[in-house]
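Novice: Take this structure first; my questions come after.
None of the figures in this text is laboratory data; all of them are computed from the coordinates on show. Here the structure is a predicted model, which means the values were calculated and not measured. Using ideal geometry, Cβ is built from the backbone for each residue, glycine included, and neighbour counts are taken over all protein chains shown.
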Amino acid sequence: MQRYRENGGLRRHILVVDDEPINREILGNLLCKDYEVHYAENGKQALDILQEKEYVYSLILLDLLMPVMDGFELIEIMKDSETLRSIPVIVMTSEKDAEVKSIKMGAADFITKPYDMPEVILARCERIIELQEDKTIINAAEKDHLTGLYTKDFFTEYIRQIEKYNPEQKMDLMVLNIEHFHLINELYGHAEGDKVLICLADILSNMFQNIKGIKCRTEADYFYVYSETGIDYEDVLNRVLERLSAKIPSYHIHLRIGVYPDVDKTLMPENWIDRAKTACDRIRGDYSRHIAYYNNEFYEKSKYQERLINDIDNAIEARDLIVYYQPKYDIQGDEPKLRSAEALIRWKHPELGMISPGDFIPLFESNGLIQKLDRYVWKEAARQIGDWKKRYGISVPVSVNVSRMDIYYPKLRDDFMVLLKENDLDVKELMLEITESAYADNADQLVNVIEKLRNDGFMIEMDDFGSGYSSLNMLTTIPIDALKMDMKFIRNMQKDEKSMKLVELVLDIADFLQVPVIAEGVETEEQMQLLKERGCAIIQGYYFSKPVPPEEFEKFFN
Ligand code: C2E
Ligand code: CA
Ligand code: CA
């Protein structure tokens, strides 16, 4: 019983059904201190009240002999009703026979008339309600063995119980997650990981003791709290962090919070949980934001993304995905010379129109679909190089983007080799762009894969150089053939002296590594000249051309 009261002194509703006014009055006086008491004069009236569903009744005290509809008949009807079946009934009678009969029919207990001592009646009512409520959640009743918090099943069942009695109360669903929890396990061992989880559970339990709410833990490091709205989550986060660092001072733990505020009660608790989690996962890895709220915009966006995920297979089949090509020009000589191209994907969606890669590439990178998409682009690009070669007798090397996820695909090299063979290409004609931030992930493995690809003869370009975190030291160990300077350098170049110096620095680094620099995002003549003067060899950008479909690209050939 108590655990339900923990959530804000909820009062349960009891229906007293008796044709004698005096009996209703006695029971009413007895129960009204602890319960909301409602009355009916016979079975028919009781049934009407129950079917109105204005309240959720925890218990019915039922007289057996009444005019219009007696207690037996009401019990029969309730037994056949999906919603009424679960409401426990205590019958009130003075005949021994009737007691037995009613219990056989499914009554939970009986009270004899004339009435027992008031305490006895109260105790019986309370016990029956408790039994019934326990029964409902018993299947799910399980606490997380590690932290003592509820499990997710129990948590959602419990939310349903709370909702029965508190449907009007505005509630939030919050989820708290440990950023890179697996690293704690890997670096310090599982015992340490467990310790962190237990600490967090304790802190949350203490904190939400006064704020009304229930908590659970699931999927290792996700903690959920269901509580009344009006909580300052900023403050919650700060206090949790403060207590956590007092308990675990030796290293820093990052936490993220996702909140689905004022949950939509027409949805299911499972949906609330999903939404809080979606908000939370949104800021994964973003160290500048620690709290995210689920809102409508959010919802629209995830709907849109869901759509894209659903449509990708179709798009590949229907060839709605088109590979565009953007030229890279060599500007060392007097006349700029077409040197190569970059393959960039475009999605012409039959209903949503042209979708920019910025809308779907990061999405597919986060869920793994990028591998499928990249493979499609590689195949297309390889076929295109071969086609140009055949039709024009010229070789235009094309670079394709290789996502970090592709790198861990064991058959990566084999796949590329097949493409070369199928299209009769030289290994230098299919170049690979790998974004700098991929190098920060798992440097050893990456270096390993790239070394093998280079041994096979592939040219590797480090994409978006300067946007990631490579240390100079790392750069010297990474095998690459060109640096693609991140676009933001070019954006800022003409702003001030310092930004220009940064461009020069990148060129110096490339010089030191003895690789050429490709400047991306060059839009003006002036930018091109400034880069040329400083020895930048290759330019890619709107100044020469936007990415264009293959037919249009052919005009650059002469
Ligand atoms: P990225 O690899 O850094 O590609 C360069 C982006 O800069 C392209 O955007 C290109 O259209 C744009 N760009 C080129 N020159 C200029 C310029 O002068 N001014 C401006 N403002 N922009 C310029 P896009 O095509 O929208 O692609 C965006 C990103 O999407 C790419 O950045 C790449 O990370 C990703 N992406 C595109 N296609 C693929 C693909 O097939 N596979 C993978 N994995 N990623 C792709
Ligand atoms: Ca690229
Ligand atoms: Ca780039």
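Novice: At a Förster radius of 30 Å, what calculated FRET efficiency corresponds to the Cβ-Cβ distance of HIS254 and ASP232, to the nearest 0.05?
Specialist: Details: r = 20 Å, r/R0 = 0.66.
Given R0 = 30 Å and the Cβ-Cβ separation, E is 0.90.
Novice: Sorted by average packing, counted as other Cβ atoms within 10 angstrom per residue and highest first, what order do 419-425, 66-72, 539-545 take? Please list the in-between numbers first.
Specialist: Working: 419-425: 16.0, 66-72: 17.6, 539-545: 19.3.
Final packing ranking: 539-545, 66-72, 419-425.
Novice: If you don't mind, there's one more thing I want to ask. Taking the highest mean first, how do the peptides 229-241, 190-202, 373-385 order by number of other beta carbon atoms within 10 angstrom per residue?
Specialist: Ranked by mean Cβ neighbours within 10 Å, highest first: 373-385, 190-202, 229-241.
Novice: Which value in deg cm²/dmol, rounded to the nearest 500, describes the helix-derived mean residue ellipticity at 222 nm for the chain, given -39,500 (n - 2.57) per DSSP H run of n ≥ 4 and division by the residue count? Each step should come with its number before you reach the end.
Specialist: Working: 23 runs with 271 residues, N = 558.
Helices in the chain give a 222 nm mean residue ellipticity of -15000 deg cm²/dmol.
Novice: How far apart, in nanometres, would the label points at PHE512 and LYS546 be if each is projected 7 angstrom from Cα along the Cα-to-Cβ direction?
Specialist: 3.9
Novice: If you don't mind, another one. Sequence neighbours fewer than 8 away in the same chain don't count; with that in mind, list the aspartates and glutamates whose C-alpha is under 19 Å from LYS495.
Specialist: Correct list for LYS495: ASP486, GLU504, GLU520, GLU523, GLU525, GLU526, GLU533.
Novice: Between ASP456 and ASP359, what is 0.36 nm times their sequence separation minus the Cα-Cα distance? Round to one decimal in nm. Let's see the in-between values first.
Specialist: Values: separation 97, 0.36 × 97 = 34.92 nm, distance 3.38 nm.
Going from the current span to full extension adds 31.5 nm.
Novice: Could you compute Rg(Cα) / (2.2 N^0.38 Å) for the chain, with N its residue count?
Specialist: This ratio for the chain stands at 1.42.
Novice: Highest mean first, what order results for 178-186, 272-280 on Cβ atoms within 10 Å?
Specialist: On the way: 178-186: 15.9, 272-280: 22.4.
Going by the mean number of other Cβ atoms within 10 Å, highest first, we get 272-280, 178-186.
Novice: Pairs LYS348/LYS428; LYS33/LYS104; LYS195/LYS215; LYS53/LYS79: which are spaced more than 23 Å apart, C-alpha to C-alpha?
Specialist: Details: LYS348/LYS428 30 Å; LYS33/LYS104 31 Å; LYS195/LYS215 18 Å; LYS53/LYS79 17 Å.
The pairs that break the limit, which is 23 Å between Cα atoms, are LYS348/LYS428; LYS33/LYS104.
Novice: Could you give the nm distance between label points at TYR392 and ASN448, where each point is 7 Å from its Cα heading toward the beta carbon?
Specialist: 4.0
Novice: For the pair GLU270 and ARG491, what calculated FRET efficiency results from E = 1/(1 + (r/R0)^6), where r is the Cβ-Cβ distance and R0 = 45 Å, to the nearest 0.05?
Specialist: Values: r = 45 Å, r/R0 = 1.00.
My answer for the efficiency is 0.50.
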